[in-house]
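To keep things clear, I will list the structure first and then write my remarks on it.
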Amino acid sequence: MKAKSAAKPAAIDGEDLGYSGFPLCREPWENYYILRRGILPCCYGNPIIGQMPEYAEVWNSAEIQEIRRYLSQGKLSPYCLKSPGCPIVQRVLAQNEEVAGSRSKNLPRGTVVLKAVNRLFFRLPGKIWRAIKYR
Amino acid sequence: MDMSSPYGQGWFDWEKQDIVPFRWMSREADLHFRGLGLPDARCLYIVARHLFADQPSPKLEVFADGRSLGEALIPAQFTILFFPFTAGGDVSITLRLDRVHSAPGDGRALGVMVQEADVISVNTLERPVYGAGWYDWETDGTYSFRWMGRRSEVVLPGKKAQSRRYLTFPVFSDFYDSSQILTLSYGGRPVAEWPVIHGWGFYSCDLAPLQDRWKGGFDVIPLLELRVNKLYPAKYHAEDGRELGVRIGLLEFHDDEAWHADSAFFRENARKNYEEMRAGRTELQSFPQSLGIDLFGRCNISPPCVYCLWDRMKEMEGSHVDTVVDESTLESYGPFFRSARFLVNCSFGEPLLHPRLGEILKVCADRKKVVELSSNGQAFTDRTIKALVGKPVNLYISLDAATRETYAKIRNDRWDDIIPSLVKLHEERKKAGNFPRIFLVFIPMRVNAGDLEEYFRLARRIEADKLVLRPLLFLGKPKIQRDRGGYHFDYAQEMLSREELEALFKNADRFSRQYGVTVASQFDFGKTEHPSAAKATAP
């Protein structure tokens, strides 16, 4: 007689603890910075999104809502992209570059030319293109 | 007959398990308590365990002068069991078990092992007495706490419970979604039902309903019963076989109505904030759980530290450069202050220089908030040490160097003053529950790359709670160059490459094990620790 298969190990994905469905970054929900230099939505934030006395209005301003919208969709907001010091931004951009790098091995000839042009102009066209894309 | 010993018929002689004395009781045993005084609220407590192999727990019934005080199942570990009653004078207690057993080679009919049995007067208790359902005291680096299982009970000191209106204590849940519910019954009445938020949060319970009954006589025992609707799933603490519910910190009484209201607001806000975040809401009804504040805008290091963006920041501060931020400013933030469990100081300035540091930290401590301060370590005086000691403060001390020479290249020549004052702070905090927590910060750069191991030694010497690796802020290609301590500091050149950082992290791992110092890496900012990585226990 065939032995019964071992019980399936319990999933430890955190789903049963409510550990799921988080945005790309939780800062603009959970944290807020009321500083002399201005209001910031996160600790790596740059630039300021309001002056110190405006903290109550800025908490739900159009600018911070846009940041939350992007992050809840799993994307970096244009504001985030202005904060290259943020480790999350660095990680996401590094991942994007890796993905782009692996794709480039099979790129058609036209794309190879574009990449060469990009390098020729100190990668400035690429930066402008990415800024427009993420906006 | 020994009049001071309550043990009557039905007990075998005292024995020892390891070094712990106990005596076996047979199927039925008596206890006699003489001269208890006037009738009063009392509690019989019995510390007992069973040794029945592979059988359900035996049931114990308790009677006082023939009147039933209740029954309880005896667990397999020594546990305090409570049986409240009201009585005075002489009282005879009868204990009756539903079964006995015999050990091989031992002809005795053995019931359960009893370490201690006594009657306490709840009015004279100074501290809570923990009963069934608790594990031993532990600490997780934030608070001292006891894990409770699905149900636990504790007898509160009667006089304090009568004279103070509220009971407060910190609770930690491992559930992110507040689906773990903690229910409290006091004196037999339900008094609170709390969805518990993730992490540590303070809760406050109104004892007034029972206090009204106290006025009527002695019929109520201040027995607090705690229950959770579900346990922390065992798969997340597989190495720990215990049945774990929530962590409960020290119980304290208070009369602060404002704090009681704040705790309810805080709890409800945290739950709402989590739900709004998960739902992807952009316009929030909730408020942040952590508030960045700017306590003090002046610094005692001039010229500023070599990597500090001082001039640019002071320019940005503009007309607010001298704005006063103190405890009344924080309270004026209203719901932004009340909702915060952490207050993180982000000032470009040395916060310990604030003339009202003591008052600020006291208000925050009274409101059960953890304050995070980053200090350059050059402002430890009797005044600032007194303000810090015993307060729930996470103190990040940025030295970035482990030698006088490296320190001079980054800051100035005050290295020799810093270490003795750090040692003094540590000596003082040891007398006050190890608060503030001390986190030694190290920003890896080219200038200090050789100091890492010595920095671990320093962290061990002052028993720092953690050594924090913090990234040098990436600024693209900054033109920040300074000459200090015979060293030319070029910001752009000081950034370590990814490969260099990875090598440094490996060394940090090795030193962490070698010197027994915990490392926290802020390079991992934004990565939420997965529940499977959480440590359930540190007994």
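Condition check ((1) modelled with pLDDT of 95 or more; (2) in a loop (DSSP other than H, G, I, E, B); (3) within 14 Å of another protein chain (Cβ to nearest Cβ); (4) within 30 Å of residue B:479 (Cα to Cα)) across all residues:
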{"position": "B:282", "(1), (2), (3), (4)": "yes, yes, yes, no"}
{"position": "B:301", "(1), (2), (3), (4)": "yes, yes, no, yes"}
{"position": "B:307", "(1), (2), (3), (4)": "yes, yes, yes, yes"}
{"position": "B:318", "(1), (2), (3), (4)": "no, no, yes, yes"}
{"position": "B:385", "(1), (2), (3), (4)": "yes, no, no, no"}
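From the list B:29, B:41, the one residue that fits, being among the small types (Gly, Ala, Ser) and at pLDDT 90 or above, is B:29. Residues that are more than 14 Å from every other protein chain (Cβ to nearest Cβ) and either out of contact with any strand residue (DSSP E or B) (no Cβ under 9 Å at 6 or more places or on another chain) or more than 22 Å from residue B:498 (Cα to Cα) (or both) were ranked within segment B:460-478; the one that is surrounded by the most Cβ atoms within 10 Å (Cβ to Cβ) is B:464. The single condition among (1) crowded, with 16+ Cβ neighbours inside 10 Å; (2) within 22 Å of residue B:242 (Cα to Cα); (3) without any contact (Cβ under 8 Å) to a residue 60 or more places away in the chain that residue B:47 does not satisfy is (3).
The residues of segment B:80-109 that are surrounded by 17 or more Cβ atoms within 10 Å (Cβ to Cβ) and β-branched (Val, Ile, Thr), listed by number, are B:80, B:91, B:93, B:94, B:100.
A quick yes/no check of all residues on (1) closer than 22 Å to residue A:94 by Cα; (2) of a type in the set (A, V, I, L, M, F, W, C); (3) within 14 Å of another protein chain (Cβ to nearest Cβ); (4) in contact with a Phe, Trp or Tyr (Cβ under 8 Å, 6 or more places away or on another chain):
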{"site": "B:427", "(1), (2), (3), (4)": "no, no, no, no"}
{"site": "B:438", "(1), (2), (3), (4)": "no, yes, no, no"}
{"site": "B:455", "(1), (2), (3), (4)": "no, no, no, yes"}
{"site": "B:458", "(1), (2), (3), (4)": "no, yes, no, no"}
{"site": "B:496", "(1), (2), (3), (4)": "yes, yes, yes, no"}
{"site": "B:511", "(1), (2), (3), (4)": "no, yes, no, yes"}
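Note on segment B:52-69: residues that are surrounded by fewer than 16 Cβ atoms within 10 Å (Cβ to Cβ) and at pLDDT below 90 amount to 5. Do we find a residue being in a strand (DSSP E or B) and of a type in the set (S, T, N, Q) anywhere in segment B:83-92? So far as segment B:83-92 goes, yes, one or more of its residues are in a strand (DSSP E or B) and of a type in the set (S, T, N, Q).
Residues are listed down the side, and each one gets a yes or a no for (1) under 32 Å from the mean Cα position of the chain (by Cα); (2) in contact (Cβ under 8 Å) with a residue 60 or more places away in the chain; (3) not in a strand (DSSP E or B):
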| residue | (1), (2), (3) |
| --- | --- |
| B:57 | no, no, yes |
| B:62 | no, no, no |
| B:72 | yes, yes, no |
| B:81 | yes, no, no |
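Within this structure, residue B:59 passes the test of being in contact with a Leu (Cβ under 7 Å, 6 or more places away or on another chain) and of a type in the set (Lys, Arg).
Considering (1) in contact with a Gly (Cβ under 8 Å, 6 or more places away or on another chain); (2) free of Cβ contacts under 8 Å to residues at least 12 places away in the same chain; (3) under 21 Å from residue B:394 (Cα atoms), the lone condition that residue B:355 does not fulfil carries the number (1).
For segment A:40-70, the candidate set comprises residues that are within 9 Å of chain B (Cβ to nearest Cβ) and aliphatic (A, V, I, L, M); within that set, the residue that is surrounded by the fewest Cβ atoms within 10 Å (Cβ to Cβ) is A:56. Looking at segment B:418-527, the strands (runs of 3 or more DSSP E) lying wholly inside it that each contain 1 or more residues that are among the aromatic types (Phe, Trp, Tyr) sit at B:437-442, B:487-490. Between A:53, A:41, which is under 26 Å from residue B:324 (Cβ atoms) and over 19 Å from the mean Cα position of the chain (by Cα)? Selected residue: A:53, the only one of A:53, A:41 that is under 26 Å from residue B:324 (Cβ atoms) and over 19 Å from the mean Cα position of the chain (by Cα). What are the residues in segment B:112-158 that are at negative phi, under 19 Å from the mean Cα position of the chain (by Cα) and outside any strand (DSSP E or B), if any? Of everything in segment B:112-158, those that are at negative phi, under 19 Å from the mean Cα position of the chain (by Cα) and outside any strand (DSSP E or B) turn out to be B:127, B:128, B:140, B:142, B:143, B:149.
The values are calculated or read from the model by the stated rules, or taken from the named source; none is laboratory data. For clarity, every value in this text was computed on a predicted model and none was experimentally measured. Methodologically, a virtual Cβ is constructed for each residue, glycine included, from the backbone with ideal geometry; neighbour enumeration extends over all protein chains shown.
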